[in-house]
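Below is one structure; the comments refer to it alone.
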């Protein structure tokens with residue numbers, strides 16, 4: 001049998017052991033964590049909607065109308081009017097004919113490639129793609145290659161040299177979750193069309209915060225369903241609730257309904273969740289100040305970090321202000337020590353360590369929300385200066 005105790009002990013020795021902070025209340029800029037009040041710069045609640053009164057009220061009304069659970073999978077008797085209307089609104093929001101709800105982003109990515117890819121097909125993924133995309137590619141059973149991050153020249157070389165038989169899939173994040181940079185969709189889209197490949201974009205961290213009206217990285221680059229046939233989005237980040245969806249054309253969505261195992265063989269999201277997401281989606285579209293505030297806070301932090309000489313990426317002039325800023329520390333032990341020092345000073349920021357990021361690339365992943373204030377950003381900069389400078 002596997003030595004579980006030894007395996008866990010080694011993870012502790014390597015300073016890679018993970019623990020779960022326990023919150024005593026809703027998501028907010030300031031949290032009660034394990035009994036301590038902390039200003040949190042680690043949530044994905046970018047627009048500050050997870051505890052918005054209108055979203056909470058929609059969840060409550062949804063539970064009163066539909067009950068606590070859906071009771072079955074979508075294809076049996078679990079597909080409610082709330083689900084159906086949310087799918088229609090997500091399709092309209094992303095500018096695509098159809099959308100299909102999944103329980104999580106992980107299940108959406110697994111479902112897409114399991115339904116579309118077959119043995120002998122080729123799948124190409126950016127090396128820094130999310131774990132769910134990598135696992136989806138591995139489980140799909142096709143021939144899988146990971147190209148260096150953002151290196152479309154290497155990808156093009158492989159596409160030209162590899163056996164052209166079978167289908168080809170190019171998969172990437174729209175916004176990379178640990179680095180905060182955008183996938184080069186403006187280069188990937190024409191390459192995919194020229195090579196007859198499917199382009200699949202997981203825009204979990206782009207939808208809601210970048211692009212015209214917050215429509216994400218694909219809209220930021222001015223691309224549509226013809227250039228990017230498969231869009232995966234999540235509902236637990238900018239929209240503050242839970243779940244995920246895939247949007248595309250009619251044939252894609254119908255194919256997923258028929259063949260995506262992670263859609264067919266699981267209980268549907270509670271309808272009340274769909275009601276809450278519908279409310280959050282409406283707020284995200286009508287309250288543009290939320291995106292504008294996040295952008296302003298990110299730019300404020302970047303200016304202060306540059307003045308302090310902190311190891312954060314340069315904010316490109318032409319790129320949108322993505323609410324993810326990695327502060328590279330280096331070794332896992334140093335990242336944990338820094339996170340602990342911040343926690344002692346009342347700031348909650350996670351230390352991201354291997355295998356989530358490469359060895360030597362441990363970091364603080366600092367994220368911003370419309371719920372934050374300028375004063376909180378300035379206090380964070382002061383504390384970072386105290387700890388690191």
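The values are calculated or read from the model by the stated rules, or taken from the named source; none is laboratory data. Note that the coordinates shown come from a computational prediction; the quantities given were computed from them, not determined experimentally. Please note: Cβ atoms are built from the backbone with ideal geometry, for glycine as well, and neighbour counts cover all protein chains shown.
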Task: Residues of the range 256-273 satisfying the condition of being surrounded by fewer than 16 Cβ atoms within 10 Å (Cβ to Cβ) and farther than 27 Å from residue 58 by Cβ - done: 258, 259, 261, 265
- [ ] At least 3 residues that are in the same structural domain as residue 226 (by TED's automatic domain parsing) and surrounded by 15 or more Cβ atoms within 10 Å (Cβ to Cβ) in each: list the strands (runs of 3 or more DSSP E) lying fully within the range 1-116 that qualify.
- [x] 98-102
Open item on the list: Being part of a loop (DSSP other than H, G, I, E, B) and touching a residue at least 40 places away in the same chain (Cβ under 8 Å): is that true of residue 358 here?
Closed with: no
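Which of the residues that make up the range 357-380 are surrounded by fewer than 18 Cβ atoms within 10 Å (Cβ to Cβ) and within 29 Å of residue 14 (Cα to Cα)?
If the condition is that a residue be surrounded by fewer than 18 Cβ atoms within 10 Å (Cβ to Cβ) and within 29 Å of residue 14 (Cα to Cα), then 358, 359, 360 are the ones that fit.
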